[in-house]
Each structure stands twice: as structure tokens, then as C-alpha cells.
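Structure record follows, encoded as C-alpha cells.
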Amino acid sequence: MFFYKADTLIRNKYMTYEFDLHESKEEGRAEGRVEGKAEGIAEANAKALVEKKALAKGLLEDGVPVEIISKRTGFTIEEIQAL
């Protein structure tokens, strides 16, 4: 009878350990996905900004008025003139 109780106690502790381990892994995976997604979005935004600046600079070089470039890109006139 003693061994049965001991086995049950050990089994319960092991199952609790396995459950906690599984939950920790899932939590880590979820955090990793969130971090990865945030990094991907930040990289995409940075790339888009570089491309938008290049477009604005090209339009400026082609003689498009600064006011129109500002209206279409969302950059201030000062930002465009600094390109």
C-alpha cells in the first residue's frame, strides 16, 4: 500500500512537471512569434521609409514642386528639402 501511494505521488509530481514544461515551451514559442513579427514589421517599415525617401528625392530631381511631393508622401517641406 505504501508503494502504491508513493508511486501515485511520484506520478502526479511528474505529470505536473511535464504540464509545466509544456506550458513553458508554448509560452516561449508564443513570445518568439510576437517578437519575430514585431521585428519583421520594423524592418518592413524601415525599408518602406528608405524607398519613400528615394522616390521623393527622385521627384524633386525631376522638378516636381516640393508642395506636391509633400502632399503625396506625407513628408514635410523641410524634410524634402533636406534630401
Q: Report yes if some residue within region 16-38 is modelled with pLDDT under 95, exposed (fewer than 10 other Cβ atoms within 10 Å of the Cβ) and assigned to a helix (DSSP H, G or I); otherwise report no.
A: no
Q. Can you tell me which residues in region 57-83 are part of a helix (DSSP H, G or I), of a type in the set (S, T, N, Q) and exposed (fewer than 15 other Cβ atoms within 10 Å of the Cβ)?
A. Gln81
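The values are calculated or read from the model by the stated rules, or taken from the named source; none is laboratory data. Since the model is a prediction, treat every value here as computed from it, not as a measurement. Neighbour counts are summed over all protein chains in view; Cβ atoms, including those assigned to glycine, are modelled from backbone coordinates with ideal geometry.
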